[in-house]
Every structure is written in structure tokens, then in C-alpha cells.
Amino acid sequence: MGAADAVPGVSGGTIALVTGIYERLIAAITAVSLSRIVDVLLGPLPSRREDAVDALRAVDAGFLLVLGAGITTAIVTITRVVHAGIQSLPVLTFGFFFGLIAASAWVLFSEVEVDTPARATAAVGGFLLAFLVSGRAAATLGDGLGVTVFAGAIAVSAMILPGISGSLLLIILGQYEYMTGTLSAFVDALLALVTGGPIEPLREHGVVVIAFVSGAFVGLFTVAHAVRWALDRAREATLAFLVALIVGALRAPIVRTGDQLAGLGRTWTPTAVAVFAAAAVVGALLVWLLDRYTGMADIDAEA
């Protein structure tokens, strides 16, 4: 799940479904409540120890802990590679992302019926939102801590949505490169500190990482629940909105590639376009294979 959510196009929720843990994940997340959190925090008190144990069992804490460790390990590892690719090979990297996103939209749209005015309106809204925000408007958000918390809350909601990638949402918001770079720098600073390096870089990047994780924690129990509510109340319209969001996001890799090329003092050339297209084909092929052998587009059974 961590590896899937570290790159746009494939959802960690899809991987959860494929590996058979999706229902258990949803049950564990929805079992978390404020009262159970309080019970766990008061667990060190002898009189509340039994309540804490019951709360931990109710939220399947062992499962969430192990899953969280796996997701974190994969994200830390994959994002380092992705960040290096964005910095040195932006055309190849974002071309690959474009293929992942395009193929995901194609296979998911085959499962969505846009046959009513409400669903059509939702689809148009999702497309326009992603298309507009994926452009230059994303740069207006900046990289303040408030934006980081917001990005974490939005991105983590994709964990419970097969077909929607958390990284894709970060790309739409213009926060993907910033967060992958910050996470890589944080890990480097942590390793340097162990070998006697300064603590200031760790503090600087750690604040951003903590802000993102804090937003993710809040989003997991607010935004995620809101999305589930929307699916329960207007399932088809919500799915149409979400899938159209993916289509609108196709603008993002193209814009980001142009930005990275400009930063390197380069521009789009026929060769760059060819490399971008070839990488996109590879990404699309991977998603097609995943859909063919796992049925990732069967969102009726997933959402």
C-alpha cells in the first residue's frame, strides 16, 4: 500500500483490496473514536488499564501498527527514488506518472455510469476542479505549515478509496515534489544525526513532516469519513466526481515537467516529447496489467 500511494495512479486502497485486507482496514479505521483514544491515553492508570486493552482490541491496533510500519517503510524508500527521478529525469518520471494516471482513469471510467444530470454535473465538477488546480493555481498555495496539514488530510483520505492515489492528490495540490524532497531531507538529517551531525536540519524538516502526519491523522478520521458518507448517500455521483478528478489531473504531470525543465534551463523538444510518451506507455501498461490480473476497476465491490 505504501509503494502504491508513493506514486500517482495506483491507489493503496486498491492494493488493500487485492491483498484481502480492505474490509479489515475500513473496520479498524471506523472503529477509532474519541472515547477509545482517551481510553488508550489513560491506559497507564491501573484503574483504566482494562479499558485501554479493550479499546486497542476494538480498533485492531496490532493490525494497524504493523500495516502502518509497512506503509511508512515503503513510502520513505520509494519517495527517495521518485524525488531523485524528478530532479534529474523529470520528463521520464512525469511521463511515467502520466501513463499511470491516464490508464487508471480509463479502467475506472469503465465502471462508472454518467447517465443522469446529477452524475454528469459531478463528473464535470471533478474534472474542472482537478484541471484548474493542477495548473498554475497550485503554486498559489505555497508550502506553509497550514498547507502541509491540509495536504496531509486530503492525501490520506485516498487510503480508503480504491482507484484514487494519495500522491495524485498531492500532485494536484502542487505539494508532491515538496513533500518527497522534505521527507528525503528529513531521513538524511536523521541518519546524519546518528553519526554525529547537527540537529538543526532534523528540526527544520521534522516540523514539516510532523505537520503532514498530523494532517493525515486528522484527515483519516474526518475527511475519510466524509467521503464514506458521500458514497453512502450519493454513490454513483461521488464515484463520477472522483474518477473525473483523475482525468482532470492529467494536466499536472505536463505542467510539472515544464516547471522542472525550466528550472534546469531546458525546454520541451521533440526528443523530450518522445521520452515522455514512451514513459507514459510503460506506466499505462503497468496499470493495464494490474487491472487485468487483479480487477482494480471493480469499484462496485471496493467502495
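The values are calculated or read from the model by the stated rules, or taken from the named source; none is laboratory data. All of these numbers come straight from a predicted model, not from anything done at the bench. Accessible surface areas use protein heavy atoms only, side chains included; no ligands, DNA or RNA. Shrake-Rupley method; radii C 1.70, N 1.55, O 1.52, S 1.80 Å.
Quick rundown of the values:
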quantity	calculated
Over the chain: helical MRE at 222 nm, DSSP H runs n ≥ 4 each giving -39500 (n - 2.57), nearest 500	-24000 deg cm²/dmol
Solvent-accessible area, 1.4 Å probe, carbon plus sulfur percent, for the stretch 1-106	69 percent
Highest-fluctuation residue, Leu170, Leu183, Leu145 considered, GNM on the chain with Cα pairs under 10 Å	Leu145
Relative contact order of the chain, pairs being alpha-carbon contacts under 8 Å that are 6 or more residues apart, as %	33 percent
Å² per residue, accessible surface of the stretch 19-126 at 1.4 Å	54 Å²
For the stretch 203-212, Karplus couplings with θ = phi - 60° (6.51, -1.76, 1.60), whole Hz, Gly/Pro x	5, 4, 7, x, 4, 5, 4, 5, 4, 5
Calculated SAXS-style log₁₀ I(q)/I(0) at q = 0.09, 0.11, 0.18, 0.20 Å⁻¹ - the stretch 112-251, Debye, Cα scatterers	-0.33, -0.47, -1.01, -1.16
Rounded accessible area per residue of the stretch 168-228, 1.4 Å, Å²	45 Å²
